1. Amide H of residue 354: which non-local residues (sequence gap of 5 or more, or other chain) have their own amide H closer than 5 Å, using H built in the peptide plane?
2. For the stretch 46-125, what is the convex hull volume of the alpha-carbon atoms per residue, in Å³?
3. Which of the lysines could be linked to residue 119 by a straight reach, that is with a Cα gap under 17 Å, when you skip same-chain ones fewer than 8 residues away?
4. Could you run the Karplus curve 6.51 cos²θ - 1.76 cosθ + 1.60 with θ = phi - 60° over the stretch 273-287 and give me ³J(HN,Hα) per residue in whole Hz, x for Gly and Pro?
5. What spacing in nm lies between the two simple spin-label points modelled at residue 114 and residue 289, each 7 Å away from Cα in the Cβ direction?
6. Can you give the local net charge around residue 286? Use residues other than it whose beta-carbon is closer than 12 angstrom to its beta-carbon, Lys and Arg +1, Asp and Glu -1.
7. Check residue 381: other-chain or 5+ apart residues with amide H under 5 Å from its amide H, H built from backbone geometry?
8. Over its Cα atoms, what ratio of radius of gyration to 2.2 N^0.38 Å does the stretch 342-393 give?
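Readers should treat all values here as calculations from the given coordinates under stated rules, not as data from a laboratory. All values derive from a computational prediction rather than experimental measurement. All Cβ positions, glycine included, derive from the backbone under ideal geometry; neighbour counts span all protein chains shown.
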Amino acid sequence: METSDASGYRREWMEGQCEDSDPRKTTAEGSRPTSDTSQQPSVYGGQTSVLKERSEMMKEMDEKIRKEMFERMKEMDNKIRKEMFKRMKEMDNKIRKEMFEMTKEMDDKIRKEMFEMTKEMDDKIRKEMFEMMKEMDNEKITLTDPINTPLHLPDSYSRAFPGRAIQIPQQKKDEYEVLKEKNKNLESRYQELLAKTMSMHQHSEDINDPLRLSAVLQKYEMLQLQQWEKVRSSMPCYWTYEQGRCIIKKLFDACEKDIQQRTEDILKALAIPLWNKAVIEETMRAIRKLFRQPYYQNYPKVHSEIVQEAAILTGTGNETESQFLLQCCQIYCLLLLQDPPVKAEWKMNRRYLEHVDKKDPVYWKNPSLLWPIMKRGEDVVAKGVVWDQRRMT
């Protein structure tokens, strides 16, 4: 039984070997169609396309991140600049306010002291003059003219001292001449002191008046020192000193023309005769006083018209520049409306000039005026400012 099963397995294995060795079957299997692998996509080619897509995605993400970072940095930069500008503006306003308060306090203190000193001097001078006049009146009463007034002496004195009676009139005459000369000198001194006192009263100011000369000159000084440099630094291109001089002169000329035209219109309406100079002068003084408040309160309406009249075209539209031009007009108009008026003089006079760099006059080379000399009649109330054309622009 076991032998028949073993022989059966052997037979099947032999048949299988025969089938494997059959050439027909081998040929049939060998003749089976095979697929063309050349037409199928390569595995490496697919990987390259994936890498390319990933590279493009990374590039897009990188650009997007860069753009977002740039926008954020720009926003932060603008925010920081805005905050810095706001803080600087607040600090500037605070410093200006403090300086204004300090200057005002000093100005009030100085003016109060000057007023007290003037009052003291005035009282002293008046007292001295009163004593002098009283003394002179007593001397005039006591001493009569020895030539025209007879000298009454007792007869006994004349008989006892015949020579001395003749000497007494001559002595009195000499004393009279000496006193007459002293009286002349005292009257001259009185007139001199009186003129000085009147001059001091004439130039005294009301410390409560915000438009008094000293207050306006203080604003003018701030305009020269702070506002000028501020407007120069705020421009896209720095103003040259030549441009600054041209602009300032045009504005000042326009201010003078505006006030002169308005004054002439009023005088013409009043029909005051030209020969009556005293009335004209008094009327012009009243007009200047009348104009002072409107020119101060109607800022910037009146001064905008003056700026337009001056035809200053910078084309920048800068707010700081506009404020500077209006302040120039306002301050110079207030100087012109003082009594007597303060006017700009554009002539070079080295005695009343200073350099923008505080250089000694011996080192100036071809100086030119940037800010004019301010004169009140013949008195200089503010020095002019020059720059060196050879070295500075």
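1. 384, 385, 386
2. On the way: hull volume 4.1 nm³, N = 80.
Convex hull volume per residue, Cα atoms: 52 Å³.
3. Within the straight-line cut-off, residue 119 pairs with 109, 127, 196.
4. Rounded to whole hertz, the list is x, 5, 6, 8, 5, 5, 5, 4, 5, 5, 5, 5, 5, 5, 5.
5. Taking the two extended label points, one gets 2.0 nm.
6. On the way: positive: 285, 288, 289, 292; negative: 281, 282, 339.
With Lys, Arg at +1 and Asp, Glu at -1, the net is +1.
7. Sorted by chain and number, the residues that satisfy this are 374, 375, 376.
8. On the way: Rg = 11.0 Å, N = 52, 2.2 N^0.38 = 9.9 Å.
Taking the Cα Rg and dividing by 2.2 N^0.38 Å, one obtains 1.11.
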